[in-house]
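Step one of this worksheet: look at the structure below.
Just so it is clear, none of the values below were taken in a lab; they were calculated from the coordinates. Bear in mind that the values here come from a model prediction, so they are computed numbers and not experimental data. A quick note on method: Cβ atoms are made from the backbone with ideal geometry, for glycine too, and the neighbour counts reach across all protein chains shown.
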Ligand code: KG4
Ligand code: ZN
């Protein structure tokens, strides 16, 4: 009988330390996360040096926690995957060093993983995973991209943001509304009590016949609404609601275009912004109308986590794409540079 393979995944690219174990037959068998949100909130955003130091404190206990949760020993692991980029260099180095050291001690391979590939594959952790090929919409704090995915590792960029990423627009707009960091989840909560007809914000670049995005103008529209408001306490839920509607609509318009260009009818949506319930339902509805389907990860796996790194690491490990002992991280790393698996 062929024995199960198990990969430990470590994510430390920004402000979350995530560790998980993926089993090639049983799927995800353990995961743990420490979020630094409370620590950075005081500063209104991520402080890179504090992030690195906190990853150092958290990563080893989290590794032991998932090993215990899976009722196994470190020696039962077959490979250690880690986020090698893109991300904050100091934060990336912590996960990379831990992964390399563990792999060396256990005499098993270490597997560098692209953070955005992790996000892109996260919906495959769910019970009814999407099948290839599909169009992927990646909406995170640093990236907004539409990608044609033929199989794991084969990514064709169809379009991306020419300025702010969708998550960045959420964070900046949240700040303008006086909400705490991180803005996305706080803005989602505020928008629940808002009225969709109160404002009409632009759907940026909707009339351009491409798959690129631009969210900087939308943020300016929010700024103007805030400035013009005579009673911001009263208006801010409406602004949050109408901002979210504008982002959701824009994403729908661009996804439809990408589906038309590729002739595909399966959409995978991933990255922190895909945790937003309005965005999830708008995209799902849009796909239902086309008799296609939208796939998402559970909200917990939309934002940064170790599970997606363990899964992507398992696929790269099985494809034999492991690295020698050198520790290399890539703060900037285009997804298009990845090899097919
Ligand atoms: O994917 P992610 O966790 O980290 C990056 O790789 O960037 O994405 C973080 C981004 C942040 O901008 C955050 O505000 C946004 O995702 N976000 C949300 C929600 N949860 C996280 N945006 C809108 N609604 C949410 N519920
Ligand atoms: Zn991320």
Exercise. What is the Cα centroid distance between the stretch 75-100 and the stretch 25-58, reported in whole angstrom?
Worked result: 14 Å
Exercise. Could you put 266, 83, 144 in order, starting from the residue whose Cβ has the fewest other Cβ atoms within 10 Å?
Worked result: 266, 144, 83
For this session: Highest first, please rank the peptides 310-319, 128-137 by the mean number of other Cβ atoms sitting within 10 Å of their residues.
Result: 310-319, 128-137
Seminar exercise, completed: Of 292, 118, 87, the most mobile residue in a GNM of the chain (C-alpha springs, cutoff 10 Å) is 292
Exercise. In percent, how large is the relative contact order of the chain, given Cα pairs closer than 8 Å and 6 or more residues apart?
Worked result: 25 percent
Exercise. Taking Cα centroids, how far is the stretch 127-170 from the stretch 233-306 in Å?
Worked result: 11 Å
For this session: Within 10 Å, count the other beta carbons around each residue, average over each peptide in 65-76, 297-308, and list them highest first.
Result: 297-308, 65-76
Seminar exercise, completed: Ranked output for segments 230-241, 245-256, 165-176 by mean other Cβ atoms within 10 Å, highest leading, reads 165-176, 245-256, 230-241
For this session: Averaging sequence separations of C-alpha pairs under 8 Å and six or more residues apart, then dividing by the length of the stretch 129-296, give the relative contact order as a whole percent.
Result: 28 percent
